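Colleague: Starting off with a structure, shown below.
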Amino acid sequence: TSTLDIQSIREDFPALATTMRGKDLIYFDNGATSLKPRPVLEALQGYYGDYSANIHRGVYEMSERATAAYDNARETIRRFLGVSPEQGEVIFTRGTTESINLVAYSWAVKFLKPGDEILLTAMEHHSNIVPWQYVAQRTGAVLRYIPMTPEGAFTDEALCGALGPRVRLVAITAMSNVTGYMPSLEGLVARARHQGARVLVDGAQYACHHAVNVTALDCDFFAFSGHKMCGPTGIGVLYAKRELLEEMDPFHYGGDMIQEVTLEGSTWAHLPEKFEAGTPHIAGAVGMAAAAEYLLEIGLEEIAAHEGDLLRYVTEATERLSYLRPFGPAALERRGGIFSFALEGVHPHDVGSLLDQQGIAVRTGFHCAQPLMAHFGVVGTVRASFYLYNTREEIDRFVAALERLYGILG
Ligand code: PMP
């Protein structure tokens, strides 16, 4: 059971009061994006309504205010990630996808050589596969995949055994967006670092539900998105080690990222500006920081525990449904609050449509993870993904709806 005051948390989210198809909304599509609490909406309104000036160039008070808010936002994200300033820096991007592309273009294309290996997994989101396929084409580097168990997990032997001497980069998700599986990264990172390989962690699904400390984890890169952690869309973060950011080339070129421009050439600004060309998403950064504050105040460990409880609850409540096939490792303690499943003989899309009629929002399809679908031998799944505001009562309504719809379709 949960230590959170869910009722008061729910009141923070205006969207939870809306209806869908005339029914009280049950929002189980948090893996795609989360709803937004009032403090985030107020932070956005504050920037746009009160001080919506550009940053870093105004000599007037309103611009100073915007600059301070943007700089404070970065400070809050540093705290959220446990960044030590000597070790690393926070770069604002458009989201996880852009953060990974930044590393692909500015680090991998520059430094990887033919025959170098990039180690991935088949459970990655497309945004942690496709950029590396591009890098492989550009550089002659080779992609390799850590062997996965049939249920979609990695044994310690598989994780460590895959780290051959030619691996220069390991790019792995901290939590699968399909199964919620969380591979144990500590040993992998330590071993990779020991042999001189760099490690990129895709934290898109993880950072919104679990406390992160990138200094303790010692990864080289950590990418995540604002919109999955109660923040706005269009904003995300790349954390990277300082030494790497110094040796990387800029990703985008233009204003704000330069020190000096002449007609002959330019020099680059210091970190983090070197990687933030153009007017940034100021409101986004301010809103994402408000989201980080909100989650820190509630407590990420409590949030993770609540979602773990919901996962156990839905797993137990559906065990007796013989026609329901859940996906993902059976060991629930290594899984976040994501429940992916199929109903025998029913297309996932039909399940989604009928749940929609009941006011229940889930995602169906391949979840930007086609290689994982191929591994499971399915074209898609139905995915219910939970967040801090979801409840056991909602799961009861969801399971009852599944039973009813299987009675119609099955
Ligand atoms: N990685 C994972 C594991 C994800 O779940 C997602 C979003 N579904 C992404 C990357 C991409 O994030 P974004 O669309 O915010 O760039």
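Colleague: Answer yes or no: is there a residue in region 231-240 that is under 30 Å from His125 (Cα atoms), of a type in the set (Gly, Ala, Ser), open to solvent by less than 10 Å² (accessible area, probe 1.4 Å) and more than 16 Å from the ligand (Cβ to nearest atom).
Modeller: Filtering region 231-240 for residues under 30 Å from His125 (Cα atoms) gives 231-240.
Subset that is of a type in the set (Gly, Ala, Ser): 231, 234, 236, 240.
Filter once more, so that each one left must be open to solvent by less than 10 Å² (accessible area, probe 1.4 Å): 231, 236, 240.
Okay, now just the ones that are also more than 16 Å from the ligand (Cβ to nearest atom), so 240.
Yes, region 231-240 has at least one match.
Colleague: Of Glu403, Glu344, Glu394, which residue is more than 22 Å from the chain's Cα centre (by Cα), under 18 Å from Ser34 (Cβ atoms) and acidic (Asp, Glu)?
Modeller: Selected residue: Glu394, the only one of Glu403, Glu344, Glu394 that is more than 22 Å from the chain's Cα centre (by Cα), under 18 Å from Ser34 (Cβ atoms) and acidic (Asp, Glu).
Colleague: Kindly indicate whether any position in region 326-334 is open to solvent by less than 20 Å² (accessible area, probe 1.4 Å), within 22 Å of Ala400 (Cα to Cα) and among the aromatic types (Phe, Trp, Tyr).
Modeller: Yes.
Colleague: Taking the conditions exactly as written (closer than 18 Å to Gly231 by Cβ and within 16 Å of the ligand (Cβ to nearest atom)), does Gly46 satisfy them or not?
Modeller: Working: closer than 18 Å to Gly231 by Cβ: yes; within 16 Å of the ligand (Cβ to nearest atom): no.
Considered against the rule, which asks whether it is closer than 18 Å to Gly231 by Cβ and within 16 Å of the ligand (Cβ to nearest atom), Gly46 comes out as no.
Colleague: Another question about this same structure. Could you list, in sequence order, the residues of region 56-78 that are farther than 13 Å from Val237 by Cα and in a helix (DSSP H, G or I)?
Modeller: Quick first cut of region 56-78, residues farther than 13 Å from Val237 by Cα only: 56-72.
Glu61, Met62, Ser63, Glu64, Arg65, Ala66, Thr67, Ala68, Ala69, Tyr70, Asp71, Asn72 - these are the residues of region 56-78 that are farther than 13 Å from Val237 by Cα and in a helix (DSSP H, G or I).
Colleague: Something else about it: Can you tell me which residues in region 376-410 are without any contact (Cβ under 8 Å) to a residue 60 or more places away in the chain, surrounded by fewer than 17 Cβ atoms within 10 Å (Cβ to Cβ) and of a type in the set (Gly, Ala, Ser)?
Modeller: Result: Gly377, Ala400, Gly407.
Colleague: Does Thr315 satisfy the criteria of being surrounded by fewer than 22 Cβ atoms within 10 Å (Cβ to Cβ), under 27 Å from the mean Cα position of the chain (by Cα) and more than 16 Å from the ligand (Cβ to nearest atom)?
Modeller: Taking the combined requirement at face value, the residue satisfies it.
Colleague: Could I ask something else about it? What are the pairs, 6+ residues apart or on separate chains, where a residue within region 208-237 that is at positive phi has its Cβ under 7 Å from a residue that is modelled with pLDDT under 95 and more than 13 Å from the ligand (Cβ to nearest atom)?
Modeller: The qualifying pairs are Asp218/Arg193.
Colleague: So, in region 149-199, exactly how many residues are within 15 Å of the ligand (Cβ to nearest atom), touching a Leu at 6+ places or on another chain (Cβ under 9 Å) and not in a loop (DSSP other than H, G, I, E, B)?
Modeller: The qualifying residues number 3.
Colleague: For Ile146, only one of the following conditions fails: (1) of a type outside the set (Gly, Ala, Ser); (2) buried (at least 22 other Cβ atoms within 10 Å of the Cβ); (3) within 16 Å of the ligand (Cβ to nearest atom). What is its number?
Modeller: (2)
Colleague: Shifting gears a bit: Only one of (1) part of a loop (DSSP other than H, G, I, E, B); (2) open to solvent by 50 Å² or more (accessible area, probe 1.4 Å); (3) within 30 Å of Leu188 (Cβ to Cβ); (4) without any contact (Cβ under 8 Å) to a residue 40 or more places away in the chain fails for Glu243. Which number is that?
Modeller: All conditions are met except number (1).
Colleague: So, Ala15, is that one within 16 Å of the ligand (Cβ to nearest atom), at pLDDT 95 or above and open to solvent by 20 Å² or more (accessible area, probe 1.4 Å) or not?
Modeller: no
Colleague: How many of the residues in region 338-370 are free of Cβ contacts under 8 Å to residues at least 40 places away in the same chain and either crowded, with 17+ Cβ neighbours inside 10 Å or not in a helix (DSSP H, G or I) (or both)?
Modeller: Summing the residues that are free of Cβ contacts under 8 Å to residues at least 40 places away in the same chain and either crowded, with 17+ Cβ neighbours inside 10 Å or not in a helix (DSSP H, G or I) (or both) in region 338-370 gives 6.
Colleague: Let me ask something else. When residues of region 52-68 are filtered for being open to solvent by 20 Å² or more (accessible area, probe 1.4 Å) and not charged (D, E, K, R), how many remain?
Modeller: Taking region 52-68 first, the residues open to solvent by 20 Å² or more (accessible area, probe 1.4 Å) are 52, 54, 56-62, 64-65, 67-68.
Narrowing the set further to residues that are not charged (D, E, K, R) leaves 52, 54, 56, 58-60, 62, 67-68.
Here the count works out to 9.
Colleague: Filter region 246-267 down to the residues that are hydrophobic (A, V, I, L, M, F, W, C) and crowded, with 16+ Cβ neighbours inside 10 Å and list them by number.
Modeller: Listed by number, the residues that qualify are Met248, Phe251, Met257, Ile258.
Colleague: Right, another one. Inspect region 122-129 for any residue being more than 12 Å from the ligand (Cβ to nearest atom) and either more than 19 Å from the chain's Cα centre (by Cα) or at pLDDT 95 or above (or both) and give the result as yes or no. So that I can check it myself, show each step before the final result.
Modeller: Step one: list which residues in region 122-129 are more than 12 Å from the ligand (Cβ to nearest atom), which gives 122.
Now drop any that are not either more than 19 Å from the chain's Cα centre (by Cα) or at pLDDT 95 or above (or both), which leaves 122.
Taking every residue of region 122-129 in turn, at least one turns out to be more than 12 Å from the ligand (Cβ to nearest atom) and either more than 19 Å from the chain's Cα centre (by Cα) or at pLDDT 95 or above (or both).
Colleague: Moving on to the next point. Please indicate, with yes or no, whether at least one residue in region 89-109 is within 16 Å of the ligand (Cβ to nearest atom), of a type in the set (Lys, Arg) and either open to solvent by 10 Å² or more (accessible area, probe 1.4 Å) or assigned to a helix (DSSP H, G or I) (or both).
Modeller: So far as region 89-109 goes, yes, one or more of its residues are within 16 Å of the ligand (Cβ to nearest atom), of a type in the set (Lys, Arg) and either open to solvent by 10 Å² or more (accessible area, probe 1.4 Å) or assigned to a helix (DSSP H, G or I) (or both).
Colleague: Sort through Gly187, Gly140 and tell me the only one that's in contact (Cβ under 8 Å) with a residue 24 or more places away in the chain, open to solvent by 30 Å² or more (accessible area, probe 1.4 Å) and touching a Cys at 6+ places or on another chain (Cβ under 9 Å).
Modeller: Exactly one residue qualifies, and that residue is Gly187.
The values are calculated or read from the model by the stated rules, or taken from the named source; none is laboratory data. If you're wondering where the values come from, they're calculated on a predicted model, not measured in any experiment. Because the Cβ atoms are built from the backbone with ideal geometry, glycine has one as well, and the counts that use them run over all protein chains shown. In case anyone asks, the SASA skips ligands and DNA or RNA and just uses the protein heavy atoms, side chains included. Shrake-Rupley method; radii C 1.70, N 1.55, O 1.52, S 1.80 Å.
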